[in-house]
Amino acid sequence: MVGYVMVIYDYDIPEYDIWHMMIDESNQGRGYGSAALERVLDYIKTKPFGLSNRVALTCNQDNSHALNLYKSKGFTETGAVDGDEIELSLMMQ
Ligand SMILES: CC(C)(COP(=O)(O)OP(=O)(O)OC[C@H]1O[C@@H](n2cnc3c(N)ncnc32)[C@H](O)[C@@H]1OP(=O)(O)O)[C@@H](O)C(=O)NCCC(=O)NCCS
């Protein structure tokens, strides 16, 4: 195993949330994070828990590596901030 990522469905909003995306340090920068995020988005497209098209996540504002990854997949900053964490979201087709 080289990493871990969690998908939850927030029924209150509703939206899909991506939590705790991480690739082991010794395996970072090899494309695993990008591949994992694509698999996650393909999974969410199947609407396993609910019909919302919104996908959201939060990320430390200084984590340029992760922010580059999310933005390369179409996520944009929503403007919502919680301490050092900023929210990004993506509307699926
Ligand atoms: C963020 C993380 C999941 C990315 O996984 P990864 O396997 O290292 O990422 P990839 O190799 O697939 O690279 C994906 C993109 O990240 C960006 N990236 C990769 N290496 C980078 C670096 N050294 N600096 C800045 N951006 C970088 C690029 O946009 C890259 O896309 P590209 O290859 O088309 O240029 C991983 O670094 C990680 O687990 N970090 C620690 C935990 C963490 O911060 N998780 C995110 C919580 S919000």
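The values are calculated or read from the model by the stated rules, or taken from the named source; none is laboratory data. None of these values were measured; they are calculated from a predicted model. Every residue, glycine among them, receives a Cβ derived from its backbone with ideal geometry; neighbour counts consider all protein chains shown. What goes into the accessible areas is simple: the full protein's heavy atoms, side chains included, and nothing from ligands, DNA or RNA. Shrake-Rupley method; radii C 1.70, N 1.55, O 1.52, S 1.80 Å.
Within the range 29-51, can you find the residues that are in contact with a helix residue (DSSP H, G or I) (Cβ under 8 Å, 6 or more places away or on another chain) and of a type in the set (S, T, N, Q)?
34
Please identify the pairs in which a residue from the range 45-66 that is farther than 15 Å from residue 92 by Cα and in contact (Cβ under 8 Å) with a residue 12 or more places away in the chain has its Cβ atom under 6 Å from the Cβ atom of a residue that is outside any strand (DSSP E or B) and open to solvent by 60 Å² or more (accessible area, probe 1.4 Å), counting only partners at least 6 apart or on another chain.
60/84; 61/84
Inside the range 36-75, can you point out the residues that are within 15 Å of the ligand (Cβ to nearest atom), part of a strand (DSSP E or B) and under 12 Å from the mean Cα position of the chain (by Cα)?
55, 56, 57, 58, 59
Which count do you get for residues in the range 12-22 that are over 15 Å from residue 72 (Cβ atoms) and either within 8 Å of the ligand (Cβ to nearest atom) or among the hydroxyl-bearing types (Ser, Thr, Tyr) (or both)?
Here the count works out to 3.
Residues of the range 61-84 being open to solvent by 50 Å² or more (accessible area, probe 1.4 Å) and within 19 Å of residue 23 (Cα to Cα), which ones?
61, 62, 63, 64, 65, 68, 71, 72
Looking only at the range 11-24, which residues are in contact with a Gly (Cβ under 9 Å, 6 or more places away or on another chain) and closer than 16 Å to residue 47 by Cα?
Correct list: 11, 14, 15, 16.
For the range 9-60, give me each residue that is among the basic types (Lys, Arg) and either surrounded by fewer than 12 Cβ atoms within 10 Å (Cβ to Cβ) or touching a Leu at 6+ places or on another chain (Cβ under 9 Å) (or both).
30, 39, 54
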